[in-house]
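The values are calculated or read from the model by the stated rules, or taken from the named source; none is laboratory data. This one's a predicted model, so the numbers in the text were calculated from it and none came from an experiment. Here the Cβ positions follow ideal geometry from the backbone for every residue, glycine too, while neighbour counts run over all protein chains shown.
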Amino acid sequence: MRPLCMAWGQFGVILPASCAGPRRVGAFGVDLVQSIWKRHVGGAQSIHTLTAPTGCRAENQSLFDLSLQLSQRPMDGNAMMQYTEYHRDDAMSRAGHATKLGVAEKYGLSSRDLRVFDQQSGSPHILVRDHTLLLHFFDLRVLVQHDHARLFHEASASDDDVQNADRHYVSRIFSHNMEDNIRGQELGKSDSQPYELYVLETALSSVTSVLEAEYMLLEKQVTKVLRLANSSTLDGEESLIHSHLRTILELKRKLISVEQRALQVQTVAQEVLDEDEDMANMYLTDKRAGKPHGLEEHQSVEYLFEAYFKASGAIGQETASLMSHIRRTEETIQYTLSVRRNQIMVLEARIEILMLALAGATLVAGWYGMNLVNHSEESPHAFTVVVLISCAAVLASSLYGMQRLRRIRRARLQI
């Protein structure tokens, strides 16, 4: 039977030269091909329209709806946002709420700039505008001007969500530090640093403090788990060793998260240090007083970001060093477990060799158990001879099998 070889043209079916018949057919040819196709596939589907699976269409529709929702989110100017406001000359913080559009108009921002307020996570960054600084460090979202700062609170799905509570460490530390500043002002303390730089340093200090605290707690847990794992590797049960490995894996994941966030903070500091204009524009108080800084007049800001660039980098390096120590310990434990499994396999092989050698003696016993006349019953030494020959055969077979096993192990070690 000649194979069906054809290609679709714009208005009909095109047949190659190797096929019989004309090079192009019209509607009749299309009908003929459709009838042949339906005959082969059982008429379930048409040659022109192949219906997509229901699950695939539902997934595509969900992707479209979510994409549409995310694309329209920055334009939702009526979305309410809760905040806590701290003033330079005020001894109390104030809580309030405002729409996204109102916040954008007040601080000279656009809805695109406020997109970070809707994100539950994301890469931290610092946005510099004429009279406003936007600080975004994980759950911390702050708008800073020359005389006040607004801390915007992340909206969580429920108050009982433990995961949402765990993400609010940076904003809580920042709020606590700002409250301490207010109490310091009440006690008559003064600071010559501009207010916007103080808020900026408080934000950087809060995020690096959280990362350092997470690293220190994880370091204690890792040290304890590694000590238990090393002690149980030699004489502990394998189930206990696997339990320690699972704990080490979970701690390793947390360390990777700390390292990634520390590197993100370091990247933000490096980006600011590379932009002289942004560093000069961060002096909002002097700009408000009509004394804008030049491109080279940003020594305080530069020193500030250099300090936290080194601090975040040190946290990342220490975390990487601790993970390398975990990796070496994991390799040691895996090697010890492999050696233990190999010893078990060798023991099983030896037992199987002995069982195979004893099978020969069992065969002799089976022969004698057939109760056939073999003329050895009358001999007084037949039993002793048969037992000695069987034991010798068992011993010889065992020695031969053990020698072969030893050679195989030696060959594997050489490889």
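Please report, ordered by residue number, the helices (runs of 4 or more DSSP H) entirely within segment 229-319 with at least 1 residues that are touching a Pro at 6+ places or on another chain (Cβ under 7 Å).
238-273, 284-288
Among the residues of segment 323-340, is there at least one that is modelled with pLDDT under 85, surrounded by fewer than 11 Cβ atoms within 10 Å (Cβ to Cβ) and among the hydroxyl-bearing types (Ser, Thr, Tyr)?
Within segment 323-340, one or more residues are modelled with pLDDT under 85, surrounded by fewer than 11 Cβ atoms within 10 Å (Cβ to Cβ) and among the hydroxyl-bearing types (Ser, Thr, Tyr).
Kindly list the number of the only condition in (1) over 30 Å from HIS148 (Cβ atoms); (2) surrounded by fewer than 14 Cβ atoms within 10 Å (Cβ to Cβ); (3) without any contact (Cβ under 8 Å) to a residue 12 or more places away in the chain that fails for LYS291.
Answer for LYS291: the failing condition is (1).
Please verify whether segment 289-302 includes one or more residues that are modelled with pLDDT of 90 or more, charged (D, E, K, R) and under 17 Å from ALA203 (Cα atoms).
yes
Yes or no: segment 147-166 includes at least one residue that is crowded, with 16+ Cβ neighbours inside 10 Å, modelled with pLDDT under 90 and within 21 Å of GLU259 (Cα to Cα).
There is at least one residue in segment 147-166 that is crowded, with 16+ Cβ neighbours inside 10 Å, modelled with pLDDT under 90 and within 21 Å of GLU259 (Cα to Cα).
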